[in-house]
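Participant: Have a look at the structure that comes next, please.
Just so you know, all these numbers are worked out from the coordinates, no wet-lab data involved. It should be emphasised that the depicted structure is a prediction, and the values quoted were computed from it without experimental measurement. Every residue, glycine as well, gets a Cβ built from its backbone with ideal geometry; the counts of neighbours run over all protein chains shown.
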Amino acid sequence: MTTTGAFLCAPADYTGMDTDGLNPQAASAAERQRRAQQLVPFRSARLLRVLSRLGARGRDQPPVAEVTDRTIPGPGGELPIRVYRPEGETPFPTVVFFHGGGFITGDLDTHDALCRYLTRESGAVVVSVDYRLAPEHPFPAAAEDAIAATEWAAEHTRALGGTGALAVVGDSAGGNLAAVAALAARDRGGPDIDYQALIYPGVGVDRDQESVREYSGLVLSEDDWSGSTSVTTGANCTDTTPTPTRSPRVISPASRRPQSLPRASIRSGMAVAPTPNASGATVSRSATSNTRT
C-alpha cells in the first residue's frame, strides 16, 4: 500500500461482506461498492474523487433563491465556498456546512443537492466549504480550513444576510470538522456557535471501541480505516488523528470537557452504546438515532 502519489490504498474487500440485518438502502450501497471494487483493482485519491462526482450527477437539485461561488482567505490560501440563500426576506440564520468523504473525497458539487435541501428546509443561508483534502493536504489542513471558514461566517453574518445565529453542520468527515469547529470556538473564545448538527460524524477511531468490534467489515474493515487515517494524518493512527477527542495540534486538552459547547444533534446509523462524546452529546444504539442535547 502507498499513501503518496497516485495510489491511495489497496481496495477494501467487499466480496465477503455480511449485509444481513442492514437497512435495504445500506445493503444496496454496499453492493454497489462491491461491484466497483471488481472494476477498479486499486483506489487512488483522483479516481475516488472522479467517482464521487459521477455519483452526484443526476440528483434532484431543488431550487433556492440564489447560489454564489466565491473564495475567502484561508490558512493555505484562497478557500472556495458556495453560498446558498433561501427564498424570503432577510435576515436568515447562518449554517456552515462541511461535506463528507473521509477527508479524501468530496467537494462543493458532490454535496450540492444536500446543501440545497438544507437551505430550503431550514430557511437558513448555507455556506458550503471546499476544505483541503488528503493525501495532498494531511491533517491539520482540513481542520484549520473548517475553523477559518466558521470564523469568517461569524464575522460576515450581516453581509450574508444573517440574523447572527450560527450553526455548524457536516456529514461523516464533515461531521468531525463541524465538531472540531465548535470545540475550537470554545477553546479560543469565539465565535459564538448556537448549534451543531452532526450527521453520522467520524468522531472516534479507537480499534477497541464497540462500534469497530461489532460492525467492522460491513462497510469498512479495520485495515481500511487504519489506511485511511494514515493518509489523512500523514502518519499512523496516533494521538494526532483528526478527531474531536484527539486533536492536540488544533484543540487544547480542555476540549474534552463538554461545558459551554453549543447544543448538538447527532444523526447516526449504527451507533455505539449510550455514552457522552467529546461534544457533550450522547449517542444511543439503534438502526437510526437522532439525539439532541
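Participant: Amide H to amide H under 5 Å from GLY101: which residues, 5+ apart in sequence or cross-chain, H placed 1.01 Å off N in plane?
Facilitator: The list, which skips near neighbours in sequence, is ALA173, GLY174.
Participant: Remind me, relative contact order of the stretch 46-194 in percent, using alpha carbon pairs under 8 angstrom and six or more residues apart?
Facilitator: It rounds to 27 percent for the stretch 46-194.
Participant: Can you list the residues, at least 5 places off or on another chain, whose amide H is less than 5 Å from the amide H of ALA264, using H built in the peptide plane?
Facilitator: Counting only residues 5 or more places away or on other chains, the set is GLN196, THR293.
Participant: May I pose another question? For the stretch 111-128, take each phi angle, set θ = phi - 60°, evaluate the Karplus expression 6.51 cos²θ - 1.76 cosθ + 1.60, and give the result in whole Hz per residue in order, putting x for glycine and proline.
Facilitator: For the stretch 111-128, the Karplus curve yields 10, 5, 4, 4, 5, 5, 4, 4, 5, 5, 7, 8, x, 10, 6, 10, 10, 8 Hz.
Participant: Okay, next question. Check THR163: other-chain or 5+ apart residues with amide H under 5 Å from its amide H, H built from backbone geometry?
Facilitator: PHE92, THR94
Participant: What list of ³J(HN,Hα) couplings, whole Hz, do you get for the stretch 179-185 from phi and the Karplus terms 6.51, -1.76, 1.60, once you set θ to phi - 60° and write x for glycine and proline?
Facilitator: Here the 3J(HN,Hα) series is 5, 4, 4, 5, 5, 5, 4 Hz.
Participant: May I ask you to sort GLU78, GLU144 by Cβ crowding, counting other Cβ atoms within 10 Å and putting the fewest first?
Facilitator: Ascending number of Cβ neighbours within 10 Å: GLU78, GLU144.
Participant: Please list, in order along the stretch 95-102, the HN-Hα scalar couplings obtained from phi with the Karplus expression 6.51 cos²θ - 1.76 cosθ + 1.60 (θ = phi - 60°), rounded to whole Hz, x for Gly and Pro.
Facilitator: Going residue by residue, I get 10, 9, 10, 10, 6, x, x, x Hz, with x marking Gly and Pro.
Participant: For the peptides 147-153, 186-192, what is the packing order when you average, over each peptide's residues, the other Cβ atoms within 10 Å and list the highest mean first?
Facilitator: By packing density, highest mean first, the sequence is 147-153, 186-192.
Participant: Additional query: Note down the net charge around ALA185, summing +1 for each Lys or Arg and -1 for each Asp or Glu among other residues with Cβ under 11 Å from its Cβ.
Facilitator: -2
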